[in-house]
1. Can I get the semi-axes of segment 11-71's equivalent ellipsoid? Compute them from the C-alpha gyration tensor as square roots of 5 times the eigenvalues, in angstrom, largest first.
2. Ordered by residue, what ³J(HN,Hα) values in Hz, to whole numbers, does segment 8-20 give under the Karplus form 6.51 cos²θ - 1.76 cosθ + 1.60, where θ = phi - 60° and Gly and Pro are x?
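What follows draws every value from the coordinates through simple rules; no lab data is involved. The structure displayed is predicted, hence computed values, not measured ones.
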Amino acid sequence: MVEETSGKLTGTDRAAVFLLSLGEDKAAEVMRHIVPKEVQKVGAAMAQMTNISRGQVETVFGDFTETVGTQTSLGVGSDEYIRKVMVDALGEDKASNMIDRILLGRNTKGLDN
């Protein structure tokens, strides 16, 4: 729901605006990675969305882009990011060998080059 008094969006509202802007398929893909309690919370916010201005949507996407830029290091220092994501997703044991292959394999020419 939108906070009436300040015109600002809560975190849940921002997630709802973002997901509504993505389209059905992309929003569903994102929601597959959210715990059920949060899906319910965001879904309720999506259902209550009314009178969202273009400026609010642009702010949500601008903030998202800024956050992604600072958290993922797109291309800069990505080794540590990749390592953390893989370990978080797969666990230390499974990720270890895969990380080595990914990070060391990018420096080889392989069949594609």
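1. Numbers: eigenvalues 64, 48, 21 Å².
The answer is 18, 16, 10 Å, longest axis first.
2. My calculation for segment 8-20 gives 8, 9, 6, x, 5, 5, 5, 4, 5, 4, 4, 5, 5 Hz in order.
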